[in-house]
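First up is the structure itself, then whatever we jot down about it.
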Amino acid sequence: MTLRLLAGWWARRGTHLPVAAAIAVVTAATVLADAGGRPALLVPLVVLAAGVLPGAGLALGGARRQEAALLRLHGRRGVRWVTALVAEPMLTAVLGGAVGAAVPLALGAEIASPALVAAVWLLASATVVTAMVVALRGPLTELLRPAGAERARRASALAALVPVVVAVAAVVALLRRSSTAPDAWAFTAPVVVGLAAGLLATAVVRLVAGRLARRPGLGPSLAGHRLALPRAATGLPVLVGSAVLLGCAANTALAVHDWTRDTSLVTSATPLVVSYDGPADGLLEATREADPDGQWLMAAIRVLEDDRPISRRVYLDTARYERVVGDRLAGTAASGGSTEVSDLGAAAAATDPEPVTTGRRMTVRLALAGSRPRPLRLDVLTVSPSGSGRQTVFARPTPGTPTTVSADLVRCETGCRVTGMEVAIGAPCNDDTWAQPFCQRPALTLTELDLGGLDLLARPWVLAEPDERPPGEVAATPGQLRVRPSSAGTSYLATDRSPWATPVLATSSVEWPDAPEAPTTGGMARPARVLATADALPVVGAAGTVLDLPTSVVPGTGAVARAEPLVLARADTPDSVLARVGQPRQGSELSREVVEAADDGVARRFALLAAGGALLGLLAVVLPAARLRRERTHERAVLRLVGVRRSDQRTAGRLQVVVMALAAGLASVAATLLVVSALSDALPVLAAGPGQLPLDTGPRVLALVLAGTVATGLAGLTTWWTGHVPDRASLPARLREEVTA
């Protein structure tokens, strides 16, 4: 029994081996997809396999018709008949499953879920066996002759539904494209669109066949009749679907390659980078001493405090940017932002520095209105490299009598900047007593307000109440400021700092909770004005801000803890210049962590899709080609017997190859172009990360050429092979042998 099984398997090895290869591809894809944490990758390959395995089972059944009839003649019926037939395809299934599981493991893949692998293998095997049994069912007389017209008519109803279902699925795939779609749907949509394009190509082939069949020449007419047969384009839809999957995977791989290159360029901005070991506030001096002319080196301080765009910033020595970086970022997502850096330097140089305190005391001369003395508090809100502070004076003046009070400044050793003021008179009132007469506050007139040498009465002041309290009143005249606090007890005043706002460049993803701010390298808050916005900026990528370094350094204040002092250098920087600032390294090292975190095995995923799709597409056209070749051998013997010229046969063969190759190639290119234009942005490609550049998945010519070439080559080669029959195999004498047999 075993020898008979092996002998039968070996006799039909031309049919069994493609079936084993198809099962091996699906099994290997299951192992790789599940081990890689992306089982959704399996779905598009299963869809393609669903177009290959049933046909493989039917082909296997067609090759075993006589054996099935013989079993019936020996009295085998029902389960006994099926059991005798399934041993051979199950041997093929075991072989395919073993190879499919062993190869990925031998290549170092992790062990996948045994339950999932077994389920997919069983499904593939059951599909082949069921299709084979379906092909062998029917009366005994039908098994003893070629498939009859009745069976073809029964199958035509189901076959007519397949294009409709695929077309509807393709339309849904195009209309429901979204980056939030499930991974399985996102990966499967290109295959569904490709299958629809393949069915359309099949219809076009039949239309062309009808035109050729009506041509007067024997060669075109013969080609038309051959192409009009249902089996002539059996594997074309799956071939186009696999080519589209291959093109989509290649297009995505090329997009990721371009993204990696752009990320490397943008993150470092220069080919060489030096991590500066000295203090951050000495970085500028070090680069200017090493490179006085500013030809090769540029100082930069990168601060990535957290993943929020507002917390990501870089300080650049913008005066050197044009000479050191130049147009290196042209063509990247940061190209527009890079051209704005020189304007940033000019704007920063033209901006007056904000006045700071030079003295150490605050002096206030005030007069209180009203009928009785009341306690009051006046706070001037400041900010300095040491942090935010309050400069406070207390008083209980007699109404109508000018009073002078003073106090030492706090946290203003390196100079303070004024951000606001608070004026409080009397005990506070809560919201349910605001309207009571005893909550009304008298006016306070300030005739002198000197903060460490700054005359604050020369500045404009406006109310800036923080809540829904009844607003106070403020009125300014030359030399004095009159404030009546809110009935809540305290009023808040703000001053205009916009004349000294620091220019910044920001990405479009930056959102400030209040007004824009431009912290110094030491973290001191400054008002900012956004000079320009861009999708991406040098060093910070698609999330962050760029500031001018020379105007952002406060001497002696150091830098924040997360500051990273860098020296950016051109590729042609002399070694002697680099040696004066530190040990250089490749700029791409700055982006290595970003790329590795976002990539997350994307190359392996799309290589799996491309390889699996290409193999299934090959099997889709190889399986029916073997049967067509046998038919062509018989047909050629007949043509030789009736005296059809070899030139007419060659013409027919060439026309078949051209029609099939063009139909497959053009359909694959068109469908791939449609998929990468409409669906590629929905594929789960990169893991999201802070400052990550956008992935441009637009059509790549190379991907379109690859999809078209593979489809054209496979379709043309298999069509040529089916018609290229050796003279010895097509001798007319073989017809007599077939009749005798």
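Laboratory data are not the source of any read-out in this text; all were calculated from the coordinates shown. Just so you know, these numbers come straight off a predicted model, no measurement behind them. Heads up, the Cβs are rebuilt from the backbone with ideal geometry, glycines too, and the neighbour counts pull from every protein chain shown.
Only Lys, Arg, Asp and Glu count, each charged at its Cβ (+1, +1, -1, -1), so figure out the dipole size of segment 361-496 about its Cα centre, rounded to 20 debye. Don't skip to the answer; put the middle values down first.
Details: 14 positive and 14 negative charges, 89 e Å.
The calculated dipole for segment 361-496 is roughly 420 debye.
Scan around Arg529 for amide H atoms under 5 Å from its own, H built in the peptide plane at 1.01 Å from N, and keep only partners 5 or more places away or cross-chain.
Thr502, Val504
Quickly estimate the mean residue ellipticity at 222 nm for the chain, helices only: each DSSP H run with n ≥ 4 gives -39500 (n - 2.57), and the total goes over all residues, rounded to 500.
Numbers: 21 runs with 366 residues, N = 741.
Here the helix-only value at 222 nm equals -16500 deg cm²/dmol.
Once phi is turned into θ = phi - 60°, what whole-Hz ³J(HN,Hα) does the Karplus curve with 6.51, -1.76 and 1.60 give for every residue of segment 658-675, x standing for Gly and Pro?
5, 4, 5, 5, 5, 4, 5, x, 5, 4, 5, 5, 5, 5, 5, 4, 5, 5
Taking only Cα atoms, what is the 0 to 90° angle, nearest 10, from helix 602-642's long axis to the longest principal axis of the chain?
It works out to around 20 degrees.
Quick check: the angle from helix 42-63's long axis to the longest principal axis of the chain, C-alpha only, nearest 10 degrees?
0 degrees
What Cys residues in the chain have no fellow cysteine's beta-carbon under 4.7 angstrom?
So far as the 4.7 Å Cβ criterion goes, Cys248 stand without a partner in the chain.
Evaluate the relative contact order of the chain (contact order divided by residue number), counting alpha-carbon pairs under 8 angstrom at least 6 apart; express in whole percent.
Reported relative contact order: 20 percent.
Once both axes come from the Cα atoms, what is the angle between helix 149-175 and the longest principal axis of the chain, in degrees from 0 to 90, rounded to 10?
Helix 149-175 sits roughly 10 degrees off the main axis of the chain.
Once phi is turned into θ = phi - 60°, what whole-Hz ³J(HN,Hα) does the Karplus curve with 6.51, -1.76 and 1.60 give for every residue of segment 301-308, x standing for Gly and Pro?
For segment 301-308, the Karplus curve yields 10, 9, 10, 10, 6, 7, 7, 6 Hz.
Tell me the label only: which of (i) 35.6, 119; (ii) 30.2, 110; (iii) 40.0, 135 is Rg and Dmax of the Cα atoms in Å as calculated from this structure?
From the options (i) 35.6, 119; (ii) 30.2, 110; (iii) 40.0, 135, the structure gives (iii).
Whole-Hz ³J(HN,Hα) for each residue in segment 573-579, computed from phi via Karplus 6.51 cos²θ - 1.76 cosθ + 1.60 with θ = phi - 60°, x for glycine and proline: what do you get?
5, x, 4, 5, 6, 5, 4
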